[in-house]
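Participant: My questions all concern the structure below.
Values in this text are rule-based calculations from the coordinates and carry no lab data. Being a predicted model, the structure only gives us computed values, none of them experimental. All Cβ positions, glycine included, derive from the backbone under ideal geometry; neighbour counts span all protein chains shown.
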């Protein structure tokens, strides 16, 4: 099952936080989860899936509308925080450097589309 940026059914992938471990110990759990939920809720489910696959698997191209949501609605900080949260809590830990590079590339490509 996909582990993703999503915190509740109304978020990116419509998968609840029950499939993701708790927040990092240096961040209060519920408030951090609420913060991430708010970030993710700014993406529709199709854009959320596309961004997830582009960042974590590198096998999707982000369409212009999704770039608009990412850059204008989600923002850099939320994008980075969601990526890092998934990295901390999932099987992707072994490939952090590649995922962080893809995350930055997705962001930069989308900024270029939106410019």
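Participant: Hey, what did region 32-115 get for relative contact order, percent, Cα under 8 Å, at least 6 apart?
Facilitator: On the way: 73 pairs, mean separation 32.1, N = 84.
Once normalised by length, the contact order is 38 percent.
Participant: Regarding region 43-115, what whole-number volume in Å³ per residue does the convex hull of its Cα atoms give?
Facilitator: Numbers: hull volume 5.5 nm³, N = 73.
Once divided by residue count, the hull of region 43-115 is 75 Å³.
Participant: Which order do the peptides 105-113, 80-88 take when ranked by the mean count of other beta-carbon atoms within 10 Å per residue, highest first? Working shown, then result.
Facilitator: Details: 105-113: 16.3, 80-88: 19.9.
Descending packing order for the listed peptides: 80-88, 105-113.
Participant: Roughly what would the spin-label model give for residue 53 and residue 77, points 7 Å off Cα along C-beta, in nm?
Facilitator: Simple spin-label model gives 3.1 nm for this pair.
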